[in-house]
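Peer 1: Before I ask anything, here is the structure I am working with.
The values are calculated or read from the model by the stated rules, or taken from the named source; none is laboratory data. Predicted model, so just to flag it, every value in this text is computed and none were measured. Here the Cβ positions follow ideal geometry from the backbone for every residue, glycine too, while neighbour counts run over all protein chains shown.
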Amino acid sequence: MTIQRAHITITGIVQGVGFRPFIHRLAHQIGLTGWVNNTAQGVVIEVEGDDHLIEHFLRRIQTDLPPHAHIADMAVMIIPPIGDRHFVIEKSADGGAKTAYIPPDLAICPDCLREMTDPHNRRYRYPFINCTHCGPRYSIMTDLPYDRPNTTMRHFIMCDDCRGEYDDPDDRRFHAQPIACPACGPHIAFWDADGQVLATHDTALSACADALRAGNIIAMKGLGGFHLLADATNPQAIATLRIRKHRPHKPFAVMFPALADICRWCVLDDVAHDLLSSPQAPIVLLQKRRYAHSSTTLYAELLAPDNPTLGVMLPYTPLHHLLLATCGFPLIATSGNRADEPICIDEHEALTRLAGIADFFLVHNRPIHRPIDDSVVRVMAGRMMIVRRARGYAPLPINCRDEARAGEGGLAVGAHLKNAVAIRRGDDVFISQHIGDLSTTGAYHHFEQTIADLSAMLDISPRQIACDAHPDYASTTYAYRTGLPIRKIQHHYAHALACMAENGVALPALAVVWDGTGYGDDGTIWGGEFLRMTASGYERVGHLQPFPLIGGDSAVIEPRKTALGWLYSLLGDAIFDDEQFAPVRQFTPAQRRILRQMVQKGINCPMTSSMGRLFDAVASLMDVCQVMTHEAQAAVMLENLALSDAPSPHTPVAQVFEPDGRHDYHIHIQDNTHIIHTHHLFASLMADINANLPKTVISRKFHATLIHILVDMAHRIGERHVLLTGGCFMNKPLLEGAVDYLRQAGFIPHWHSQVPTGDGGICFGQAVALSMRRLG
Ligand SMILES: [Zn+2]
Ligand SMILES: [Zn+2]
């Protein structure tokens, strides 16, 4: 037996998760002396005692970790013993480089939920109950290390009871930074539209529930910002919210009182069940149940029109739990903002920003430091696929251990729509919360703020910057203004790199990148791309045959214009007079003359190989959708048709598609590039339309055709690993069909899970590209 002393440095998710009390208990239990300390680098421990006991201690740290903790690295150094008598938790040390992980916000834990519903507990019905395992983190943090003075809770002075719990290593609220109780913590209030206080505390809840029951729209201050709430079972309230938010068709997410309620509305599998009940508590896009003459089916259709899924979630803060329990009915819970602006976080600002939308306000006085939306996920091919990465997930990093380290200190500024930014530190790429569409001033400001915030939190001054190749993206303009060394990354290459790095795929591989819009190397708009990925870069080995996008960006919301451009490319001038086609009938002869001149003279008609636009054109030709009010509406409507009369939601996609067959297509090789011609597809699609085949069948055949094209191309290119990426792969039958058929054909398909397949994942791919530089 030898007395030793070990100095241990642990990095990872070790702050805000009850890690120090865990170490304290463990040291006591094993009989070691020393101390533990939070630093900006992570957690530092010194323990002294018998060498076998220290070994045991080190093992137990790894095996007995608290639920939300994660160790990225543990360094142990043996140093001379100094003869400590006790084991203590020392005050946090400031200074030094910040390498600690930033803890995300977590949903209320079962213990706190139990206490909140116990009439004998001092936090009975208290809307801000939390502990070391749950509650706000990232949304209230102002700096690292994660300690009370570095949160917005610093304004609240703990009462003696809370202080006692906070200081007691055996208490489950030991160093729970947002600790609070009715005596010393934040409170809620219910305001009218002018900010007059109508009620506070528990009566604010019942007043709010009454207002919702009466069909009013409530702006509620939550965890990472405001929600707009309305009774999801009141068609009039749904319609009012749609009018006030100028959102005629875009789906609304719904918060349900309990899982059992969700099961009545939607199809729930085990993976979705676990996601809904997880501490991240995201919005999960679930397939709607379709019953004839059912009120829930009707509401779901009003909430998410022509959409196969409904976005559902469970209450995740104590306040949500109390409100949903008081109401007893599901609530629309949509972001509290106007159109594409960032989510509102301050109650006084909300009065003006949400004026005219909300009738009343349910607010509280715990400040939110940074806006964070709800995350959105969907179960795809048996596992989670993140659609919008925000609360609960951001800003946790994605580990890229296998990549070169050349990207260290690199900032990736992302795309234009669904923007998020990323910063590389060591093996990790930290992805910011979802920022959104950079077209509005508010969103652009949020974008700049997020870069400053994330750099400060990670203590990184960006040394190089990656941006999209599109010259007009606001993020690209920002990149140029920084004066840093810039690397422009082609949009679809970034998608492909994101999919490669997330799945740890060793190159070479074939990337199938299908999305709406991305600036191509030749200055045209790409989006139906096949890229052969190698260590030194990529080769565009195939793409959809380009067609003119009449009106450029304006066509993006008008599938009827996109369809005209596609028809013109296949059949020429005559189509503008041919009223057998639905999109032609959408325009007056005078309008058609203008459109025809535009396309003949090539005025504002960029060429595109976009798969997203092909979906739009097909939706228009089938007369499913002519003008869109929100992104990807036409494609989602086609997906909805493809899934709508499937025998069972659990039937594998391949089996759903098999009976209907597919349309024709033709692949032509030109200058070593495979061009996917669509004239055969068009002809057999028209034959189906003219034969009055059900739209459900036509849509399934179209989806099946795309999957066959994809597998055909995989055979032609001959790479075993196939990356499926880009916004089009948010389409469940397309992704699951591609995965099934590729596997049957002996390929290994890869798709996204933790990184969005849409443009939210672009920043990650750009950050990976920075580390690929040395390989090139
Ligand atoms: Zn808790
Ligand atoms: Zn208290």
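Peer 1: Identify the residue in segment 146-157 that is away from ligand 2 (no atom under 13 Å from the Cβ) and surrounded by fewer than 17 Cβ atoms within 10 Å (Cβ to Cβ) and, among all such residues, is farthest from residue 354 (Cα to Cα).
Peer 2: Only one residue tops the list, namely 149.
Peer 1: Out of 324, 319, 351, 275, I need the residue that is farther than 21 Å from residue 199 by Cα and not in a strand (DSSP E or B). Which one?
Peer 2: Checking each option against the conditions leaves just 275.
Peer 1: Does residue 426 fit the bill of being touching a Cys at 6+ places or on another chain (Cβ under 9 Å) and at pLDDT below 95?
Peer 2: So residue 426 fails the test.
Peer 1: Quick one: would you say residue 122 is more than 26 Å from residue 13 (Cβ to Cβ) and either under 31 Å from the mean Cα position of the chain (by Cα) or in a loop (DSSP other than H, G, I, E, B) (or both)?
Peer 2: For residue 122, the condition - more than 26 Å from residue 13 (Cβ to Cβ) and either under 31 Å from the mean Cα position of the chain (by Cα) or in a loop (DSSP other than H, G, I, E, B) (or both) - is met.
Peer 1: Out of the residues in segment 115-136 meeting the condition of being within 19 Å of residue 202 (Cβ to Cβ) and within 9 Å of ligand 1 (Cβ to nearest atom), tell me which one is surrounded by the fewest Cβ atoms within 10 Å (Cβ to Cβ). Give the steps one after another, and end with the answer.
Peer 2: Going through segment 115-136, the residues within 19 Å of residue 202 (Cβ to Cβ) turn out to be 115-130.
Narrowing the set further to residues that are within 9 Å of ligand 1 (Cβ to nearest atom) leaves 115, 129-130.
Numbers: 115: 19, 129: 31, 130: 25.
Step by step, filter segment 115-136, then rank; the result is 115.
Peer 1: As an exercise: evaluate residue 274 against (1) away from ligand 1 (no atom under 16 Å from the Cβ); (2) farther than 26 Å from residue 357 by Cβ; (3) crowded, with 23+ Cβ neighbours inside 10 Å; (4) among the charged types (D, E, K, R) and give the number of the one condition it does not meet.
Peer 2: It fails just one condition, (3).
Peer 1: Given 720, 716, which one is at pLDDT 95 or above, in the same structural domain as residue 612 (by TED's automatic domain parsing), of a type in the set (Lys, Arg) and closer than 26 Å to residue 570 by Cα?
Peer 2: Only one candidate qualifies: 716.
Peer 1: Which strands (runs of 3 or more DSSP E) does segment 158-239 wholly contain that include 3 or more residues that are surrounded by fewer than 16 Cβ atoms within 10 Å (Cβ to Cβ) and more than 16 Å from ligand 2 (Cβ to nearest atom)?
Peer 2: Per the criteria, 197-200.
Peer 1: For residue 686, all conditions in the list (1) part of a helix (DSSP H, G or I); (2) buried (at least 18 other Cβ atoms within 10 Å of the Cβ) hold save one; what is the number of the exception?
Peer 2: (2)
Peer 1: Does residue 70 satisfy the criteria of being surrounded by fewer than 17 Cβ atoms within 10 Å (Cβ to Cβ) and within 25 Å of the chain's Cα centre (by Cα)?
Peer 2: For residue 70, the condition - surrounded by fewer than 17 Cβ atoms within 10 Å (Cβ to Cβ) and within 25 Å of the chain's Cα centre (by Cα) - is met.
Peer 1: A follow-up question, please. Out of all the residues in segment 190-205, which are of a type outside the set (A, V, I, L, M, F, W, C) and touching a helix residue (DSSP H, G or I) at 6+ places or on another chain (Cβ under 6 Å)?
Peer 2: 195
Peer 1: May I pose another question? Scanning segment 292-313 for residues that are in contact (Cβ under 8 Å) with a residue 60 or more places away in the chain and outside any helix (DSSP H, G or I), which turns out nearest to residue 203 (Cα to Cα)?
Peer 2: 313
Results for (1) at pLDDT 95 or above; (2) closer than 25 Å to residue 458 by Cα; (3) within 15 Å of ligand 1 (Cβ to nearest atom), shown as yes or no for each residue.
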{"site": "113", "(1), (2), (3)": "yes, no, yes"}
{"site": "150", "(1), (2), (3)": "no, yes, no"}
{"site": "154", "(1), (2), (3)": "yes, yes, no"}
{"site": "157", "(1), (2), (3)": "yes, no, no"}
{"site": "160", "(1), (2), (3)": "yes, no, no"}
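Peer 1: May I ask you to verify whether residue 269 is within 16 Å of ligand 2 (Cβ to nearest atom) and at pLDDT below 95?
Peer 2: Taking the combined requirement at face value, the residue does not satisfy it.
Peer 1: Can you tell me which residues in segment 575-625 are under 25 Å from residue 724 (Cβ atoms) and among the hydrophobic types (A, V, I, L, M, F, W, C)?
Peer 2: Selection gives 607, 611, 614, 615, 617, 618, 619, 622, 624, 625.
Peer 1: Can you name the residue in segment 134-145 that is in contact with a helix residue (DSSP H, G or I) (Cβ under 8 Å, 6 or more places away or on another chain) and farther than 17 Å from residue 223 by Cβ and, of all such residues, is nearest to ligand 2 (Cβ to nearest atom)?
Peer 2: Ranking the candidates gives 143 first.
Peer 1: Same structure, new question: Determine, yes or no, whether residue 202 is free of Cβ contacts under 8 Å to residues at least 12 places away in the same chain, more than 16 Å from ligand 1 (Cβ to nearest atom) and among the acidic types (Asp, Glu).
Peer 2: It is false that residue 202 is free of Cβ contacts under 8 Å to residues at least 12 places away in the same chain, more than 16 Å from ligand 1 (Cβ to nearest atom) and among the acidic types (Asp, Glu).
Peer 1: Select from segment 354-375 the residues that are among the β-branched types (Val, Ile, Thr) and part of a loop (DSSP other than H, G, I, E, B) and write down the one among them that is farthest from residue 234 (Cα to Cα).
Peer 2: The selected residue is 368.
Peer 1: While we're on this one: Out of all the residues in segment 655-683, which are over 16 Å from residue 546 (Cβ atoms) and assigned to a helix (DSSP H, G or I)?
Peer 2: If the condition is that a residue be over 16 Å from residue 546 (Cβ atoms) and assigned to a helix (DSSP H, G or I), then 655, 656, 657, 658, 659, 660, 680, 683 are the ones that fit.
Peer 1: Would you confirm whether any residue within segment 71-80 is part of a loop (DSSP other than H, G, I, E, B) and either of a type in the set (Gly, Ala, Ser) or more than 16 Å from ligand 1 (Cβ to nearest atom) (or both)? It would help to see each step written out before you state the result.
Peer 2: Of all residues in segment 71-80, those part of a loop (DSSP other than H, G, I, E, B) come to 80.
Filter once more, keeping what is either of a type in the set (Gly, Ala, Ser) or more than 16 Å from ligand 1 (Cβ to nearest atom) (or both): 80.
Yes; the residues of segment 71-80 include at least one that is part of a loop (DSSP other than H, G, I, E, B) and either of a type in the set (Gly, Ala, Ser) or more than 16 Å from ligand 1 (Cβ to nearest atom) (or both).
Peer 1: Can you name the residue in segment 240-256 that is more than 20 Å from the chain's Cα centre (by Cα) and outside any loop (DSSP other than H, G, I, E, B) and is also surrounded by the fewest Cβ atoms within 10 Å (Cβ to Cβ) among such residues?
Peer 2: 243
Peer 1: What's the number of the condition residue 634 fails, among (1) over 21 Å from residue 584 (Cβ atoms); (2) buried (at least 16 other Cβ atoms within 10 Å of the Cβ); (3) at pLDDT 95 or above?
Peer 2: Only one criterion is unmet by residue 634, namely (1).
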